[in-house]
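A short worksheet on the structure shown next.
Readers should treat all values here as calculations from the given coordinates under stated rules, not as data from a laboratory. Predicted model only: the values in this text are computed from it and were never measured. Positions of Cβ are backbone-derived with ideal geometry, glycine not excepted, and every protein chain shown enters the neighbour counts.
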Amino acid sequence: MGGVVSPAMVSAVAEAGGIGLMPGSMGSAYARDFFRTMSETTNRPFGANIPVGFSEPGVVDTLLELGVRYVTTSTGPVPAFTTRLQTAGVPVLHVVTSLDDAKRAADAGVDGLIVEGAEGAGLRGDVAMMVLLPLVTSQVDLPVIAAGGHFRRCHHGRRLRPGRGGRADGHAHGRLGRVAVHENFKQAVVSAAETDTLLIDRHQRRPVRVLRTESTAPYEFATRARPSGPS
Ligand SMILES: Cc1cc2nc3c(=O)[nH]c(=O)nc-3n(C[C@H](O)[C@H](O)[C@H](O)COP(=O)(O)O)c2cc1C
């Protein structure tokens, strides 16, 4: 969640007993600053997410040097650097959006999976969590964290059992004061109904779930690339 996550947010997650993730996509210099700030606010462990499709290769060395405790990888196949992290004692969980992805990740030797349903925000696949999670947990023998659509309090805990490991949250953090997004966006997230999001960029095989706005709505069924990101 590059550009959105702050050390204050990751620190708050860590202090609450969760595993906060710093965005590895922001590069090595950012990682050094992030770790420095974290060391001033918490002793609790935290991790880093490396979106393999858009991260500088050297960030893995920096994270190892800084003593990262956990890594999640996403937006692509399991990267070759996974073994290097594991050899250094860093567990690697890979984000998957289909059963095939999950089987490939298991064959590649990851320590666990983050199973991301189509309900989640940001980049994702298009299989609903209710279909994807039981498929993966019944056919792949790895710890699983379920991600996508855990927004309301009534969901908390329910996914823990089928997820066999826990729950990952994304957009729900947009409601919190520590997230580096505009107040108008936080309010839009809070007031959104279940029908107020849509998937765009499906034709590019990298669908993104966004809030429905005047800017995003025309791209729901578009078959050509957007000229620029939605506002
Ligand atoms: C603004 C935003 C940015 C995100 N960026 C990333 C990212 O860089 N890497 C990644 O693996 N997931 C990313 N995600 C996905 C989240 O980590 C999380 O898995 C997802 O939001 C869970 O679904 P939820 O939003 O319904 O809680 C992002 C989500 C949001 C809302």
*asked:* Of His203, Phe221, Ala193, which is farthest towards the positive pole of segment 192-231's charge dipole, taken about the Cα centre with +1 and -1 on the beta-carbons of Lys, Arg and Asp, Glu respectively?
replied: His203
*For segment 41-87 and segment 182-209, what is the separation of their C-alpha centers, rounded to whole Å?*
27 Å
*Pop a pseudo-label 7 angstrom from the Cα along the beta-carbon direction at both Ala16 and Thr83 and give the gap in nm to one decimal.*
3.8 nm
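Evaluated at 10 °C with a viscosity of 1.306 mPa s, what Stokes-Einstein diffusion coefficient in µm²/s does segment 192-231 have when Rh comes from the Kirkwood expression over alpha-carbon pairs?
D, rounded to a whole number, is 155 µm²/s.
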*Can you give the extra length, in nm with one decimal, that the chain gains between Ala128 and Gln204 once fully stretched, where that is 0.36 nm per residue apart less the Cα-Cα distance?*
25.5 nm
*Would you mind computing, in nm to one decimal, how far apart the modelled labels at Tyr30 and Ala188 are, each placed 7 Å from Cα along Cα→Cβ?*
2.1 nm
*When ranked by the protection proxy of mean other Cβ atoms within 10 Å per residue, highest first, what sequence do the peptides 28-40, 179-191, 67-79 form?*
67-79, 28-40, 179-191
_Mean projected area in nm² (Cα convex hull; one quarter of hull surface) for segment 1-66_ = 4.0 nm²
*Tell me the label-point distance for the pair Glu56, Thr41, using the 7 Å Cα-to-Cβ offset, in nm and rounded to one decimal.*
2.3 nm
_How big is the dipole moment of segment 192-231 about its Cα centre under a simple scheme where the beta carbon of each Lys and Arg is +1, that of each Asp and Glu is -1, and everything else is neutral? Debye, nearest 20, please._
300 debye
